[in-house]
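The values are calculated or read from the model by the stated rules, or taken from the named source; none is laboratory data. Computed from a predicted model, the values in this text were never measured in an experiment. Backbone-built Cβ (ideal geometry, glycine too); neighbour counts: all protein chains shown. For the accessible areas, the whole protein counts, side chains as well, though only heavy atoms, and no ligand, DNA or RNA atoms are used. Shrake-Rupley method; radii C 1.70, N 1.55, O 1.52, S 1.80 Å.
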Amino acid sequence: MWAWALLPISVMVWATAGIWIVYAMSVTNGSVNITEVFPFISTCGSYPPQSCIFGQVLNIGAMMVAWIAVMRFQQIRDYHCDSSLNSASLAMGLLCALGTSLVGNFQQSNQLETHLVGAFLAFFIGTVYFWLQIVLTYKIKPRHGGCWIGPVRIILCIVTTIFLIAMIVCAAFKMPSIAAICEWVVAMALFVMFGLFAVDFWFIDGLFIHVKKRTAIPNEIQISTVTLTT
């Protein structure tokens, strides 16, 4: 069902529009002064009223990311690639979603340590997730998107990794504006990579959830005949 392709596109559009709206609000109300220093994404979302929008955007985005990670995991399993690499990828995707939620709920002005843990999970673990997805892209058959999807993901992952390293270096050498620009580039690249899952999800016909129930025999589990179709 082609409608499943809308989920990755939605998270890309939602997150992109959300953080730029937060940026516009923070500049407009004077929470940040771009003539002095270009702000980090989290700096823009640290102060009310935009902090409320920032938290809601990232919470909903985290929920969609987690759902994408689960669906992608099951899709790869259905292509007979039930490997530990796929399981590791699922774990990385869920940790990325958790980090995104932490970033939104624990602003750097209120709880810096937790915020930084969330940022690590969202950016660094999120990048690892997509490197694993590159390997899985070349392992599974059929490979949706033809010969172009793999190279595009590789290029985006390389860009993300380079700018992540540059962000750390620039922050260490007290170049906050350049470090902030690098963070924005990383965020946008990650959003695009999530959006690219639309190519894979286009070929999902449906999603079925089986409810398991215990039989009369202890420790025996039987799949019910009721199937929830979404």
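Out of everything in the stretch 170-186 that is without any contact (Cβ under 8 Å) to a residue 24 or more places away in the chain and out of contact with any helix residue (DSSP H, G or I) (no Cβ under 8 Å at 6 or more places or on another chain), what residue ends up being most open to solvent (accessible area, probe 1.4 Å)? Looking at residues that are without any contact (Cβ under 8 Å) to a residue 24 or more places away in the chain and out of contact with any helix residue (DSSP H, G or I) (no Cβ under 8 Å at 6 or more places or on another chain), I get Lys174. Every condition in (1) at pLDDT below 95; (2) open to solvent by 70 Å² or more (accessible area, probe 1.4 Å); (3) assigned to a helix (DSSP H, G or I) is met by Cys147 except one, and the failing one is (3).
Residue-wise test of (1) open to solvent by 60 Å² or more (accessible area, probe 1.4 Å); (2) within 20 Å of Ala88 (Cα to Cα); (3) basic (Lys, Arg).
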site: Asn105; (1), (2), (3): yes, no, no
site: Asn110; (1), (2), (3): yes, no, no
site: Val117; (1), (2), (3): yes, yes, no
site: Leu132; (1), (2), (3): no, yes, no
site: Val135; (1), (2), (3): yes, yes, no
site: Lys139; (1), (2), (3): yes, yes, yes
site: Arg153; (1), (2), (3): no, yes, yes
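In the stretch 72-80, is there at least one residue being modelled with pLDDT under 90, over 15 Å from the mean Cα position of the chain (by Cα), surrounded by 14 or more Cβ atoms within 10 Å (Cβ to Cβ) and closer than 19 Å to Val128 by Cβ? Yes: one or more hits.
Only one of the numbered conditions (1) of a type in the set (Gly, Ala, Ser); (2) open to solvent by less than 50 Å² (accessible area, probe 1.4 Å); (3) over 19 Å from Leu116 (Cβ atoms) is violated by Ala97, and that is (3). Do we have Val27 as in contact with a His (Cβ under 9 Å, 6 or more places away or on another chain) and under 17 Å from Trp184 (Cα atoms) here? No.
Give the stretch 8-58 a look and list any residue that's outside any loop (DSSP other than H, G, I, E, B), surrounded by 15 or more Cβ atoms within 10 Å (Cβ to Cβ) and of a type in the set (S, T, N, Q), or say none. Before the answer, list the steps.
First pass over the stretch 8-58, keeping only residues outside any loop (DSSP other than H, G, I, E, B): 8-28, 41-44, 50-58.
With surrounded by 15 or more Cβ atoms within 10 Å (Cβ to Cβ) added as a condition, the list becomes 8-12, 14-16, 18-19, 21-23, 25-27, 41-44, 50-51, 53-55, 57-58.
Once the filter is applied, which keeps residues that are outside any loop (DSSP other than H, G, I, E, B), surrounded by 15 or more Cβ atoms within 10 Å (Cβ to Cβ) and of a type in the set (S, T, N, Q), the stretch 8-58 yields Ser10, Thr16, Ser26, Ser42, Thr43, Gln50, Ser51.
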